[in-house]
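Novice: Pasting in a structure now, in structure tokens, and then I'll have a few things to ask.
The values are calculated or read from the model by the stated rules, or taken from the named source; none is laboratory data. Worth saying up front: this structure is predicted, and the values here are computed from it rather than measured. Glycine gets a Cβ as well: all are built from the backbone with ideal geometry, and neighbour counts include every protein chain shown.
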Amino acid sequence: MAAPQFMHLHYLDPYQPRDSVVHALDARIKLSLAVAFILVVALMPMGAWALYALLLALSLSVIVLSELGVGPVLKRSVLALPFVLAAAPLLITGGLPTLVTLPIGGGIPISAPGAARFASIAIKSWLSLQMAIVLASATSFPQLLLAMRALRVPKLFVATFGLMWRYLFVLADETQRMLRARAARSGVSGEPGRKVGGSVIWRARVAGAMAGSLFLRAIERGDRIYLAMASRGYDGEIRSFPMPVIPRAQWVVLFAAFFVLALLLGLSLVF
Amino acid sequence: MLSKPAEMHIPDGFLSVGVSIALWIVALIFIAISLRKVNQSLGERQVPLMGVLAACIFAGQMLNFTVAGGTSGHLMGAALATILIGPWASILVMTCVVGAQALLFQDGGLLALGGNIVNMGIIGSFVSYGIFTVIKRLAGERRVGVFLSGFTAGWTSIVVAALAVALQLAASGTTTANIAVPTMGVVHMLIGIGEGLITVGALSVVYAARRDLVTGDAPAKGGNRGLVIGGVLIAVLLAVASPLASAFPDGLEWVAEQQGFLDKAQGPAFELFPDYVVPGIQNEALATIAAGLLGMLIVLGAASALAWSRRKRATPSV
């Protein structure tokens, strides 16, 4: 965890309030567009560099419009890139012609089509990630729940999901307290290079015991929450406000964006 | 971020659209079944209990222990949740956790979310349920039997889920089975030990404080013999299929080729865009790049202008 270890955990919320057009857009439209964008990126053929550039332009414009800051979003978007190692075998098994031969051992040939495919996967993943970051940073959690409801996610699931989010901060705080207590009691040294206490198995069991007590506390808390909800009239039925109406201008945005994405998809089929 | 076992969360871009959609369909079917099953057994307590337990697993993934050289062991939690609350409830809880990780923290992609739910939620839960029940029955109700089966369930859930990830990636043409399966398998055989040990540690606490949660008979948690067999079968199937797939990658490559027929039909990369050629630039590759850059600049310029004009409008009112 990069952020200060022992502070209150509300900084977890990825939502960053701004006064931007992207923030003002209805969450239903944002979620559909983000998914559509990611789908179009996934449908792009391998090695369509020019189309990737256009998609990058699109996502960069959304980032600029969202006023979240191009730097911070791009910095965050490289976080998941280590997964690209999973595609690394393509570099060798991609087939002929050979791009370069690495002077390791007897020489490892790097395949040109394999390298193109590898780069395409990395770029596609990066593009999708940018849009997912904008979605999460520009949409408040209640708005996301509303969008999930609109997309016909079962009500019971949406309610469970919402409750999880509400109590995530409580339980994450509790976990942090446990970690602090452990650090205070099991010989973690601030000095670099000092060994932590106990054998690996002992440490694993301590972590497990913490997970166990966290679980027991959560079960008890769940019972208390249920009693509180029941005493306030909860009977298993999820009641929610009707959906707000989407303004006409936002419909225009939705269809314009769909048109652009369809155009890009069309380009990928034509060329 | 909250969760660390990121090598298990597939980001977008790594699964082909066909594989993603197939996995989404599987995920949706099982989520629907588990919603109904859990509602039958918990009734109106479903929402608060499942919500808090999902938050618990989410937060519990922060719990770690140092192994060596800066690496650390973490909890995924599917096995622990399955043992304590049953396979269907565990699927629901893991779906919430994996969904929130994708939607809010970009840990795993949105299109790939179906696959991540299948791997960590559904396969993880069923496999741990099958393995835990079988080994517990073999070892009897003794303390050591519970812990042994807990360890095995935790370890197997990680390894089998990792094998599933490798096969899905290979079927998407993102990697080749003969390299991905052994690497993912071996790495997660090590990571799985951490999961197994944490699961045992957790079980020992719950065993001491609330023994009923650990030894409670399976039907109360919504499981049955069919599920046990199904869970073990998934584990065996993946364990057998993976080495087979890595020895004879043709089958998966065929799937990948069917998936990738679009780009297969396109030929090599740089002959793709004859119409992108910018006048005055001879080299086609260069022209492609230039055309892309130009388009990028135009769109970016328009967006920046719009953002700037909005800022202008916003300033006087402040």
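Residue by residue, here is whether (1) free of Cβ contacts under 8 Å to residues at least 12 places away in the same chain; (2) surrounded by 24 or more Cβ atoms within 10 Å (Cβ to Cβ); (3) more than 8 Å from every other protein chain (Cβ to nearest Cβ) holds:
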residue: B:73; (1), (2), (3): no, yes, no
residue: B:76; (1), (2), (3): no, yes, yes
residue: B:88; (1), (2), (3): no, yes, yes
residue: B:91; (1), (2), (3): no, yes, yes
residue: B:96; (1), (2), (3): no, yes, no
residue: B:104; (1), (2), (3): yes, no, no
residue: B:109; (1), (2), (3): no, yes, no
residue: B:117; (1), (2), (3): no, yes, yes
residue: B:128; (1), (2), (3): no, yes, yes
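Novice: What is the one condition in (1) within 22 Å of residue A:261 (Cα to Cα); (2) part of a loop (DSSP other than H, G, I, E, B) that residue A:79 does not satisfy?
Specialist: (1)
Novice: Against the condition within 28 Å of residue A:206 (Cα to Cα) and at pLDDT 90 or above, how does residue B:118 come out, does it pass?
Specialist: For residue B:118, the condition - within 28 Å of residue A:206 (Cα to Cα) and at pLDDT 90 or above - is not met.
Novice: Here is a further query. With the requirement that a residue be without any contact (Cβ under 8 Å) to a residue 12 or more places away in the chain and more than 7 Å from chain A (Cβ to nearest Cβ), what does region B:42-56 give you?
Specialist: Scanning region B:42-56 gives no hits.
Novice: Further question: Suppose the filter is within 19 Å of the chain's Cα centre (by Cα) and crowded, with 23+ Cβ neighbours inside 10 Å; does residue A:148 pass it?
Specialist: Here the answer is no, as residue A:148 does not meet what is asked.
Novice: If residue B:50 satisfies every condition in (1) within 21 Å of residue A:141 (Cα to Cα); (2) surrounded by fewer than 22 Cβ atoms within 10 Å (Cβ to Cβ) but one, which is the exception?
Specialist: (2)
Novice: Can I ask one more? Output the helices (runs of 4 or more DSSP H) that fall wholly within region B:84-153 and possess 3 or more residues being touching a helix residue (DSSP H, G or I) at 6+ places or on another chain (Cβ under 9 Å), of a type in the set (Gly, Ala, Ser) and outside the structural domain of residue B:25 (by TED's automatic domain parsing), or say none.
Specialist: none
Novice: Hey, among A:125, A:66, which residue is free of Cβ contacts under 8 Å to residues at least 60 places away in the same chain and under 19 Å from the mean Cα position of the chain (by Cα)?
Specialist: Only one candidate passes the filter, namely A:125.
Novice: If you check residue A:46 against the conditions, is it modelled with pLDDT under 90, on the phi < 0 side of the Ramachandran plot and facing another protein chain (nearest Cβ under 9 Å)?
Specialist: In short, yes.
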